[in-house]
1. Say each of ALA148 and LEU194 gets a label point 7 Å from the Cα, pointing the same way as Cα to Cβ; how far apart are those two points in nm?
2. Which FRET efficiency value, to the nearest 0.05, do you get for PHE46 and LEU116 by plugging their Cβ-Cβ distance into 1/(1 + (r/R0)^6) with R0 = 30 Å?
3. Using only Cα atoms, locate the centre of segment 158-225 and the centre of segment 97-139, then give the distance between them in Å, rounded to an integer.
4. In segment 102-210, what GluC sites (Glu not before Pro) fall in a loop by DSSP, with at most 16 other Cβ atoms inside 10 Å?
5. List every residue whose amide H lies under 5 Å from the amide H of LEU80, counting only residues 5 or more places away in sequence or on a different chain, with H placed 1.01 Å from N in the peptide plane.
6. With label points built 7 Å along Cα→Cβ from the Cα atoms of ARG207 and LYS173, find their separation and express it in nm.
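Quick note: the coordinates plus some simple rules give every number you see, no bench work behind them. All values derive from a computational prediction rather than experimental measurement. Backbone-built Cβ (ideal geometry, glycine too); neighbour counts: all protein chains shown.
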Amino acid sequence: MTAPTDLDRAPSPPIAPPAPDPENELPDDLEMSLFDHLEELRMRIFVALGSVAIAIVGCFFAVRPIVRFLELPAGDVKFLQLAPGEFFFVSLKVAAYSGLVLGSPFVLYQIVQFVLPGLTRRERRFLAPVVFGSSILFLLGLLFAHQALVPAALNFFVSYGADVVEQQWSIEKYFEFVLLLMFSTALAFQIPVLQFLLGALRLVNARQMLSGWRYVVLGAMVLGAVLTPSTDPLTQSLLGGAVLILYFSGIGLVSLVNR
């Protein structure tokens with residue numbers, strides 16, 4: 001048996017730590033104090049609110065074409081002003097909702113510019129698809145509600161009492177119904193965006209989303225009943241079906257992200 005040599009007793013060389021992943025690094029090496037962050041946040045909130053306010057004022061001066069566009073699903077129904085100033089307050093509501101839609105790109109831009117310095121390269125790759133997809137789905141939700149949900153609900157109510165009552169509606173009640181249905185539908189259309197974020201962050205995969213399809217079907221029906229201001233089953237079924245289509249489309253998107 002041979003004695004160990006000095007070479008055998010030499011310690012093994014230290015293992016070099018793994019190189020940092022450049023995808024997890026911050027491209028912008030900016031250092032800002034808490035006061036600077038708060039000042040920037042205040043400025044961007046001011047710009048975002050100012051953009052929305054300008055959009056609302058502009059929509060108020062052009063509110064009559066918007067009102068006529070939203071009245072199209074009602075067909076030949078006559079609208080009544082049941083109290084002094086009712087149409088004026090309806091105009092304010094329509095201008096506020098329309099201004100929020102028109103001003104939302106400026107609000108999103110301010111949000112993106114505020115969070116962008118704190119995002120890694122990998123996170124920035126998901127930012128553009130999320131913002132673009134969310135905007136497109138929001139507009140599609142508004143269009144789907146205006147072209148499908150609102151006419152279906154109104155036709156149900158008109159046909160149900162056509163032989164008993166004459167169709168003359170309060171303009172305030174009508175626009176409360178239409179605006180709430182359109183915006184709740186637009187929010188429901190954000191489901192694929194949430195699925196994309198969960199899949200991109202590796203919190204949930206496509207197989208896990210698909211395994212709970214029974215609960216999703218039940219949840220879609222409940223969501224359709226909660227979000228629609230009417231109680232007719234047709235409108236609730238249309239919205240619930242749209243939610244299911246969006247959810248399963250989101251599963252396909254998440255499977256692509258996981259790959």
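1. In this crude spin-label approximation the distance works out to 1.9 nm.
2. Numbers: r = 18 Å, r/R0 = 0.62.
The calculated FRET efficiency here is 0.95.
3. First find each Cα centre; the distance between them is then 22 Å.
4. Working: sites: GLU123, GLU166, GLU172, GLU176; in loops: GLU166.
For GluC sites (Glu not before Pro) across segment 102-210 that sit outside H, G, I, E and B with at most 16 neighbouring Cβ atoms in 10 Å, the list reads GLU166.
5. Here TRP169, SER170, ILE171 satisfy the definition.
6. Each label point is offset 7 Å from its Cα along the Cβ direction, giving 5.4 nm.
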